[in-house]
Amino acid sequence: MRKHHLYLLLALVLALLTPLALAAQAQEVPAQLLGAQLIDQNDNVTSFVYHQGMVHILTRQGYYCWQPGQDMAHPLPDAPVGQRSYSPDMPDGIDALLVYGDALVGLDAYKGVLHDVTITDTGFTIAPRLTLAWEHFIDGEPPHEYVTPPAFVNIIGDTLLVRLDNWDNKAVDLYAYDLKTGAMAEWPVTKLFDIVPYKDNQVLAVHFDQDKCDEKTLLPLPARLVAISLDDYSVTDIPHALEEKGRHGLNGNLPLYYDAAADTIFVRNGNELTSLKDAQQPAVTANLAMGDGHIRTMTPSILPYQDDLVLVAAQSNVYVCSTDAAKMALTTALRTNMNMLDSRTISKALLQLDNIRLADAADQSYSQEALLGQLMAGQ
């Protein structure tokens, strides 16, 4: 009888501990999903989505998947992705990942075809879903045609937004495709970067025009944070200064995400994730362990994950970041004042040092005396 009670007690303890163990396991999320895999291959993330509990990551050379419980994303073999160049008879493939409703879809940026993407235990398949009017992305004359792939794409509601790079003052650089009918419309607003859903039937974007310069310094004016109405395309400035950081000058590279529940905008500025809310001061909520982050993704690079966590794609990794500044761990700044030709080595080192962050001072000029003084002062 005593043994019977003991077995019952053990069963009860196990029953109580199992949900706790599973919950603890579910909460164990790595700080980044790719480790040094892409750094070692000189590869970078071009697009990613979070779909039905799995993170899908598209890179210049491959396709990776991650789901909770895994310590790192794993490559998916034989996916129709990788470095591609246009030819009229080129095979189908995908160059950007998106989510439309409940469906995982991929855009062939060279042929202008939106595909349904299916991943099973036995492989990877794509099936054409919608062929788009793609003449605005094709230049040249047969047989010397070439395609300029989009710089940015996103699905908002039933609309696929597709933007061309516009460094030569095109009159139109943004096209909207109705995903139900295939109809295309031109947007009258140009030079928008990182267009994401916003509130009050608007989209949020960064507006940057490299041709508008400060009269005194002749440097480009800083990027503006704007909201564009989907009713009449009117543009409203959002009063948050966007001071772009990094070594590569001003180029509008400020990825955005809007948290509707918290009514807060998040922006990645260099290797920092910053929150912008009403009249509050900007607050850094996370530091990304990377040496450089100037390469853009073709789709939004900040996506909601769970609770107060977001997924941030930057350069050669996807980072899991908190949006709560109060949870950010204390770090020591490693300040540099030189152009790091090998930022990959710096990034690999930072992946192992979660208490070190890189603080870029390359835009500042120091004399030898000033540098010696900072060295002696431990700055």
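Filtering the stretch 96-149 down to residues that are hydroxyl-bearing (Ser, Thr, Tyr) and part of a loop (DSSP other than H, G, I, E, B), which residue is farthest from ALA176 (Cα to Cα)? For the stretch 96-149, the residue satisfying everything is THR122. Would you please list the contacts, defined by Cβ atoms under 8 Å and residues six or more apart or on different chains, that run from a residue in the stretch 50-75 that is among the polar types (S, T, N, Q) to a residue that is surrounded by 17 or more Cβ atoms within 10 Å (Cβ to Cβ) and in a strand (DSSP E or B)? Close Cβ pairs (under 8 Å, with a partner that is surrounded by 17 or more Cβ atoms within 10 Å (Cβ to Cβ) and in a strand (DSSP E or B)) amount to GLN52/LEU104; THR59/VAL45; THR59/THR46; GLN67/VAL55.
Here is a yes/no grid of residues against (1) touching a helix residue (DSSP H, G or I) at 6+ places or on another chain (Cβ under 9 Å); (2) aromatic (Phe, Trp, Tyr); (3) surrounded by 20 or more Cβ atoms within 10 Å (Cβ to Cβ); (4) without any contact (Cβ under 8 Å) to a residue 12 or more places away in the chain:
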| site | (1), (2), (3), (4) |
| --- | --- |
| TRP187 | no, yes, no, no |
| LEU192 | no, no, yes, no |
| GLN210 | no, no, no, no |
| SER275 | yes, no, yes, no |
| ALA286 | yes, no, yes, no |
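Criterion applied to GLY82, GLY101, GLY112, GLY62 was being at pLDDT 90 or above and out of contact with any strand residue (DSSP E or B) (no Cβ under 8 Å at 6 or more places or on another chain), and the one residue passing it is GLY101. Taking (1) at pLDDT below 95; (2) surrounded by 13 or more Cβ atoms within 10 Å (Cβ to Cβ) in turn, LEU219 satisfies each apart from (2).
Counting only residues that are within 25 Å of HIS240 (Cα to Cα) and in a strand (DSSP E or B), the stretch 306-322 holds 10 of them. ARG84 - would you say it is without any contact (Cβ under 8 Å) to a residue 60 or more places away in the chain, basic (Lys, Arg) and closer than 28 Å to ALA223 by Cα? So ARG84 does not fit the description; no. Restricting the stretch 61-99 to residues that are among the charged types (D, E, K, R) and buried (at least 18 other Cβ atoms within 10 Å of the Cβ), the residue that is farthest from HIS144 (Cα to Cα) is ASP95.
Of everything in the stretch 153-208 that's of a type in the set (Lys, Arg) and more than 19 Å from ILE302 (Cβ to Cβ), which residue is nearest to the chain's Cα centre (by Cα)? Top of the filtered list is LYS191. Flag set for ARG224, criterion: modelled with pLDDT of 90 or more, over 28 Å from ASP307 (Cα atoms) and within 20 Å of the chain's Cα centre (by Cα).
Against the criterion of being in contact with a Phe, Trp or Tyr (Cβ under 7 Å, 6 or more places away or on another chain) and closer than 30 Å to PRO88 by Cα, LYS191 qualifies. Just to be sure I understand the filter: pairs with C-beta atoms under 7 Å, separated by 6 or more residues or on different chains, first member in the stretch 150-169 and more than 13 Å from ILE195 (Cα to Cα), second member of a type in the set (Lys, Arg). Which pairs pass? Short answer, once both residue conditions are applied: PRO150/ARG163; ASP158/LYS180; ASN166/LYS191.
Residues in the stretch 141-152 that are more than 17 Å from ARG84 (Cβ to Cβ) and either more than 21 Å from the chain's Cα centre (by Cα) or surrounded by fewer than 19 Cβ atoms within 10 Å (Cβ to Cβ) (or both): GLU141, PRO142, PRO143, HIS144. Tell me, yes or no, whether the stretch 242-264 has at least one residue that is over 26 Å from MET328 (Cα atoms), surrounded by fewer than 20 Cβ atoms within 10 Å (Cβ to Cβ) and over 22 Å from the mean Cα position of the chain (by Cα). Among the residues of the stretch 242-264, not one is over 26 Å from MET328 (Cα atoms), surrounded by fewer than 20 Cβ atoms within 10 Å (Cβ to Cβ) and over 22 Å from the mean Cα position of the chain (by Cα), which makes the answer no. Is one or more of the residues making up the stretch 35-54 over 30 Å from ASP139 (Cβ atoms), at pLDDT below 80 and of a type outside the set (D, E, K, R)? Checked the stretch 35-54: no residue is over 30 Å from ASP139 (Cβ atoms), at pLDDT below 80 and of a type outside the set (D, E, K, R).
The values are calculated or read from the model by the stated rules, or taken from the named source; none is laboratory data. Since the model is a prediction, treat every value here as computed from it, not as a measurement. With ideal geometry, Cβ positions are generated from the backbone for all residues, glycine too; neighbour counts draw on all protein chains shown.
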